1. Can you list the HN-Hα couplings for the range 370-376, worked out from phi with the Karplus curve (6.51, -1.76, 1.60; θ = phi - 60°), rounded to whole Hz and with x for Gly and Pro?
2. If you place +1 on the Cβ of every Lys and Arg, -1 on the Cβ of every Asp and Glu, and leave all else neutral, what size is the dipole of the chain about its Cα centre, to the nearest 20 Debye?
3. Equivalent-ellipsoid semi-axes (√(5λ), Cα gyration tensor) for the range 5-260, whole Å, largest first?
4. What is the helix-to-structure angle for 280-291, meaning the angle in degrees between its Cα long axis and the longest Cα principal axis of the chain, kept from 0 to 90 and rounded to the nearest 10?
5. Give me the orientation-averaged projected area of the Cα convex hull of the chain, in nm², one decimal.
6. Dipole magnitude of the range 5-260 about its Cα centre, charges +1 at Lys/Arg Cβ and -1 at Asp/Glu Cβ only, in debye to the nearest 20?
7. Tell me, in nm to one decimal, what length is gained between His96 and Ala437 on full extension, where the rule is 0.36 nm per residue of separation less the Cα-Cα distance?
8. Which of Ile247, Ile299 comes first, and how do the rest follow, when ranked by fewest Cβ neighbours within 10 Å?
Amino acid sequence: MSRPSAALPPLTGLASACLSWHHDENGTVGPVSTQFDDVYFSRHDGRAETEHVFIHGNDLPRRLAAWTHPRPFVVGESGFGTGLNMLCAWACFETHAPPQARLHLVSTERFPLLRDDLARALSAWPELATRAERLVQQWPEPVAGVHRLLLDERVTLDLHFGDAAERLALLDGQVDAWFLDGFAPAKNPEMWRPELFTALAAASRPGATFATFTCAGIVKRGLAAVGFAWRKAPGYGRKREMLKGEIILPPRNERRQATPWFTPPDVKIPQHVAVIGAGIAGASAAAALARRGIAVTLIDRFDRARLEPTHLQGALYVKLAADTNLQSRFYLAGLLHSRRWLAQVDPQQSLWQPSGVLQLGTSEKEQTRQASFLANHALPESVVRGLDSTAASAAAGIEVKTPALDYPNAGWVKPVELCVHLASTPGVTFQQGEVKALHAVARGWTLTLASGTIIEADQVVIASASEASGYAETAALP
Ligand SMILES: C[S@@+](CC[C@H](N)C(=O)[O-])C[C@H]1O[C@@H](n2cnc3c(N)ncnc32)[C@H](O)[C@@H]1O
């Protein structure tokens, strides 16, 4: 992140969507927003509307079938709602895209549905049930910020919780196809404001397309003002017209110009990666690469599978600053992500448990810090809450003499067993040894082990903690 924390939206909990339920024309039950007095999707047939407006409006079946780039195809959206649009994009990707293609979905939502409401809304489409279950299982806490969901090996969903214009202005990435959803402009003019269109244009890749159900003047003018060409197309059901089009000239990305060193290099998919260090960072990087079909050699001087574990238990622990700073945002996002990730890596919970973690206010200074943290952050109680000593004792199951911060969703992991489990991911080969030297060569790197063994790799991940700067090539790193 390149912006000072003062420019970022607050780190806070979000109000959930207020819904009522109606019976649509097919006899299925669908959600209506009581706040916006508008439907989440067509009363006639929500899925058919999504396919018509957003999927075909962006020509996705043809574009995904032709997708041969090493980078993922990126779909962006302005109102996630029930996720129906994104689940349909995922289904379209699976039907049409070649096997090596990847899909990155990016959506924003200011009033996230409650998990049960999400499940209820999506139950109207049994053909999407498996995908809906993946989404519902990982549905994040209603906390402002970015939540990454790994929908499957090839599909990632980044949910940016907060106002669409604010969140998309912070987006560090480029979108190929936009779904402009978010209730009718007449019912939700605040969302369809000029800043939204500016952010859409700034985050558009050259040639990016858009489609939207609405033909409102505010949308046509907003799109045209930032460089999108729009045209009318037949709408779905009772809606006579919709809009679709593409960006003609994406504006210069000022944020990128200000910090060009953050611009990632073009994607070049390696065939073989060497990872030095088989601790949690190295083993999880190795597993993530292997899941993307890349061969990985994971090197460590210790074979953890054969050792008596020395670290029996590690806490999923965050200490958040009393005043929000960039580290707090990162750590909290990390805690919530780790929870979702662990639930996927080990659904049986044999390597971890969400037991909750108490941070005791063991001094007056710490109690004051905890009190001001709570006063400054309106986060959901399911994420963090303050407990007095009686409630803390009840949560801990033993007597606690001080107040505490309770992270009910945090817990513990067995770090060594987790590393061994990750290292057993198909595609990861473990090599015991000590890397003594690292040399850049024409097609990548060579690694020389203490035993004299030489390993060649296209790329190297160094995850050996304090030893990371111990090679001539890395000595200059901080
Ligand atoms: C019509 S629903 C979207 C339907 C959705 N795309 C689907 O597949 O179910 C509109 C969504 O936009 C969200 N929304 C409204 N104003 C917003 C804003 N300013 N920023 C982000 N999301 C907003 C609403 O909470 C709602 O979930």
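No value in this document is a laboratory result; all are computed from the given coordinates. These numbers were taken from a predicted model, which means no experiment stands behind them. Every residue, glycine among them, receives a Cβ derived from its backbone with ideal geometry; neighbour counts consider all protein chains shown.
1. 5, 5, 6, 4, 5, 5, 8
2. Values: 46 positive and 47 negative charges, 206 e Å.
So the dipole magnitude of the chain works out to roughly 1000 debye.
3. 25, 21, 20
4. Compared with the principal axis, the helix lies near 50 degrees.
5. 25.4 nm²
6. Numbers: 28 positive and 29 negative charges, 163 e Å.
Dipole about the Cα centre, nearest 20: 780 debye.
7. So the extension gain works out to 118.3 nm.
8. Least to most surrounded, the residues fall as Ile247, Ile299.
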